[in-house]
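To start, the structure under review is shown below, and the notes come after it.
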Amino acid sequence: MQRKLLAVTVMSILIGSVCAQQYSWQTPHATVMPSGDLQWAPLPYVFAPGPSVKYIDFAAGNDAGDGTKEQPWKHHPWDPAAVAKAKECTGIHTYVFKRGVIYRGALRVPANAAGTAENPIQLTSDPSWGAGEACIYGSEQVTGWRKGGHPRMPSGQTIYHADLNFAPRCVFMVANDGAITRLKLARTPNYTVSDPDDVLSEWWLWENPRWWANAHKTNLNGTAMHLGIDTQHLKGSEEDYLGGVVWSEWGIVMGAPYATRIEAYDPQQKAIVFQGPWNADSQQIHSNNRYSLEDLPRFLDEPGEFWFEKRGNGGRLYVRLPGDIDP
């Protein structure tokens, strides 16, 4: 028993010595109230630069400058887009990003970048330089919008498009007041999450009347695939569905929806053809399993949606913004 107590005592001393370093994450940022609640109590921000300071203004900087407040750089030296003096900069510095400016880019820390405990490399902002927050965004701002939709989009809609040299994963609208709205990938049905306990409650239902007999399978180019039958909604032609994405529930186990491409359409059965989520025709599609479709131009039929037509590394982005406003 004495040995165990001694070990605990030594361990507590070691932990105490580590905590004495007082990193920001080791300091409590909340006050425990008499009621047991926690009250947010962050430490006030203090601008404490090191001996060497470099200034970055993404909006008005120039990488050929000296990196001073009077001649700030546009890019951080760790940004692959940096050129000239900004790209050549190495060593230990405090990098000050101008407040009220959005920095767009990626910072990749070099393997040899290292500060010291007394003089760390800092990425920070100076309250006296600029107004607002200094922000680093991992997104691209899209400009050059033109009015007009895709030939397979519903006519008479307020749709705009822009050509990009990259393929977006997500699309957001930033309003003049700073409010951010995420746009939905064009889809059908145009559902909302009306029941937080069942977020799929507004999806369509598969009919598949003889699922139990394994009757709704097919073979396409030597690959076994599913037939998803819905005579109420799937009434188009193959070009209306081919290449789109279907999200479907599955039975018997692991029934969470997974995305898979639509590879064919059967007009007689009013069915789409697609592979299972794990191994071709794995699992079963039961009657009343739920599904939704997305990622086709004809599904862009309501405000708040987007669709992207990929061409090489980029493509054309189509949007219909909330309220049918002009981007």
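With a 1.4 Å probe and every protein chain left in place, tell me how much accessible area Ser155 has, in Å² to the nearest 10.
Accessible area, nearest 10 Å²: 110 Å².
When N is the residue count of the chain, what does its C-alpha Rg come to as a fraction of 2.2 N^0.38 Å?
Values: Rg = 28.2 Å, N = 327, 2.2 N^0.38 = 19.9 Å.
In units of the globular-protein estimate, the chain measures up at 1.42.
If you line up the long axis of helix 2-19 against the longest principal axis of the chain, both from Cα atoms, how many degrees apart are they, to the nearest 10?
90
Can you give the relative contact order of segment 118-169 as a percent, counting alpha carbon pairs under 8 Å and 6+ residues apart? Mind dumping the intermediate values first?
Values: 24 pairs, mean separation 14.0, N = 52.
27 percent.
Just to confirm, what accessible area per residue do you get for segment 127-192 at 1.4 Å probe, in whole Å²? Intermediate values should be presented prior to the final figure.
Numbers: 4350 Å² over 66 residues.
For segment 127-192, the solvent-accessible area averages 66 Å² per residue.
Tell me the volume per residue, in Å³, of the convex hull enclosing the alpha carbons of segment 182-261. Write down the numbers at each step before the final one.
On the way: hull volume 11.3 nm³, N = 80.
In segment 182-261, the Cα hull volume divided by residue count equals 141 Å³.
Write down, largest first, the equivalent ellipsoid semi-axes of segment 26-181 in whole Å, where each equals the square root of 5 times an eigenvalue of the alpha-carbon gyration tensor.
The equivalent ellipsoid of segment 26-181 has semi-axes of 36, 27, 14 Å.
Scan around Gly244 for amide H atoms under 5 Å from its own, H built in the peptide plane at 1.01 Å from N, and keep only partners 5 or more places away or cross-chain.
Hits under the 5 Å cutoff: Ile262.
Please state the shape class of segment 91-138: rounded when a/c is under 1.5, otherwise prolate if a/b exceeds b/c and oblate if not, all from the C-alpha gyration tensor. Please list the in-between numbers first.
Details: a/c = 3.79, a/b = 1.47, b/c = 2.58.
Cα axes put segment 91-138 in the oblate bin.
Cα-based count: Lys pairs in the chain below 30 Å, eight or more positions apart or different chains?
For the chain, qualifying lysine pairs total 24.
Based on the inverse mean of 1/r over its pairs of different Cα atoms, what is the Kirkwood hydrodynamic radius of segment 165-299, in Å?
Working: mean 1/r = 0.0624 Å⁻¹.
Hydrodynamic radius (Kirkwood, Cα pairs) of segment 165-299 is 16.0 Å.
Which cross-chain or sequence-distant (5 or more) residues have an amide H under 5 Å from the amide H of Leu220, H modelled 1.01 Å from N in plane?
Answer set, sorted by chain and number: Met225.
Given a 1.4 Å probe and heavy atoms of the protein chains only, how would you sort Glu309, Glu263, Glu88, largest accessible area at the top?
Working: Glu309 45, Glu263 70, Glu88 135 Å².
Greatest to least solvent exposure: Glu88, Glu263, Glu309.
Note the full-extension length gain between Asp66 and Val83 as 0.36 nm times their separation in residues minus their Cα-Cα distance, in nm to one decimal.
4.9 nm
Taking the simple approach of a point 7 Å from Cα along Cα-to-Cβ for both Ala213 and Ala113, what is their distance in nm?
Going from the Ala213 label point to the Ala113 one covers 6.5 nm.
How much length is gained on full extension from Thr192 to Arg316, taking 0.36 nm per residue of separation minus their Cα-Cα distance? Please report the intermediate quantities before stating the final value.
Working: separation 124, 0.36 × 124 = 44.64 nm, distance 2.63 nm.
The span from Thr192 to Arg316 would gain 42.0 nm if fully extended.
Given R₀ = 41 Å, what would the calculated FRET efficiency be for Cys170 paired with Ser128, taking r from the Cβ atoms and rounding to 0.05?
Numbers: r = 35 Å, r/R0 = 0.86.
It comes to 0.70.
Counting only residues 5 or more places away or on other chains, whose amide H sits under 5 Å from the amide H of Gly105 once H atoms are built in the peptide plane?
The answer is Tyr137, Ser139.
Express the carbon and sulfur contribution to the solvent-accessible surface of the chain as a percent, rounded to the nearest whole number, probe 1.4 angstrom. Intermediate results must be reported in sequence, preceding the final value.
On the way: 10410 of 19480 Å².
Of the solvent-accessible surface of the chain, carbon and sulfur hold 53 percent.
Write down the Kirkwood hydrodynamic radius of segment 244-327, to one decimal in angstroms, obtained as one divided by the mean of 1/r over all alpha carbon pairs. Provide the component values of the computation, followed by the final result.
Values: mean 1/r = 0.0668 Å⁻¹.
That comes to 15.0 Å for segment 244-327.
The values are calculated or read from the model by the stated rules, or taken from the named source; none is laboratory data. All values reported here derive from a predicted model rather than from experimental measurement. Note that each Cβ is placed from the backbone with ideal geometry, even for glycine, and that neighbours are counted across all protein chains shown. Accessible surface areas use protein heavy atoms only, side chains included; no ligands, DNA or RNA. Shrake-Rupley method; radii C 1.70, N 1.55, O 1.52, S 1.80 Å.
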